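All remarks here apply to the structure that follows.
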Amino acid sequence: MAPLNRRMQKTSDIIWQDTQHQMLFELIEQIKIVPFDPDILSRLKLYAEHHFILEEAYMRTLNYPLIEAHLEAHDRFREELEAMLETDPTMHEALQISLSDFLYKWLKLHVLGIDKELEEFVLGSERK
Ligand SMILES: [Fe+2]
Ligand SMILES: [Fe+2]
């Protein structure tokens, strides 16, 4: 996972956002660990919520014009995770890998897409 973070690292990144994204990627990687630990999904849910709430607070405070689409994207992730939390805790390895890969791809697209747009907006504002 570390290589993605290194590729994304720039001096202009918002540090808290970057650090939290890295933590989310690491938790998503841990879904693959055998035997499966259902607590990982709970920890991912808690940490994702913490992260989303912070981004959403920035968007509201700064009257971010693209807030609706971004909130919808966060809500979709929340729903996916919720569904996964209802999955059989004895899930087998192939499912662990596919869930982890799905979340990883989702987060990568989100971070490089609308999160990047938000970051640029925040960096251009007076409340970084
Ligand atoms: Fe984010
Ligand atoms: Fe986001």
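The values are calculated or read from the model by the stated rules, or taken from the named source; none is laboratory data. The structure displayed is predicted, hence computed values, not measured ones. Please note: Cβ atoms are built from the backbone with ideal geometry, for glycine as well, and neighbour counts cover all protein chains shown. Heads up: the accessible areas ignore ligands, DNA and RNA and are worked out on the full protein's heavy atoms, side chains in. Shrake-Rupley method; radii C 1.70, N 1.55, O 1.52, S 1.80 Å.
General remarks:
- Within the range 94-107, tally of residues that are free of Cβ contacts under 8 Å to residues at least 40 places away in the same chain and surrounded by 14 or more Cβ atoms within 10 Å (Cβ to Cβ): 3
- Only a single criterion out of (1) open to solvent by 70 Å² or more (accessible area, probe 1.4 Å); (2) at negative phi; (3) more than 12 Å from ligand 2 (Cβ to nearest atom) is not satisfied by residue 91, namely (1).
- Taking the criterion of being open to solvent by less than 30 Å² (accessible area, probe 1.4 Å) and either of a type outside the set (A, V, I, L, M, F, W, C) or more than 16 Å from ligand 2 (Cβ to nearest atom) (or both), the residues of the range 37-69 that qualify are 40, 41, 51, 55, 56, 64.
- Residue selected from the range 1-31 under the condition more than 26 Å from residue 93 (Cα to Cα) and modelled with pLDDT of 85 or more, by the criterion most open to solvent (accessible area, probe 1.4 Å): 15
- The range 28-128 holds helices (runs of 4 or more DSSP H) entirely within its bounds, and those carrying 1 or more residues that are more than 16 Å from ligand 1 (Cβ to nearest atom) map to 39-61, 67-85, 93-112.
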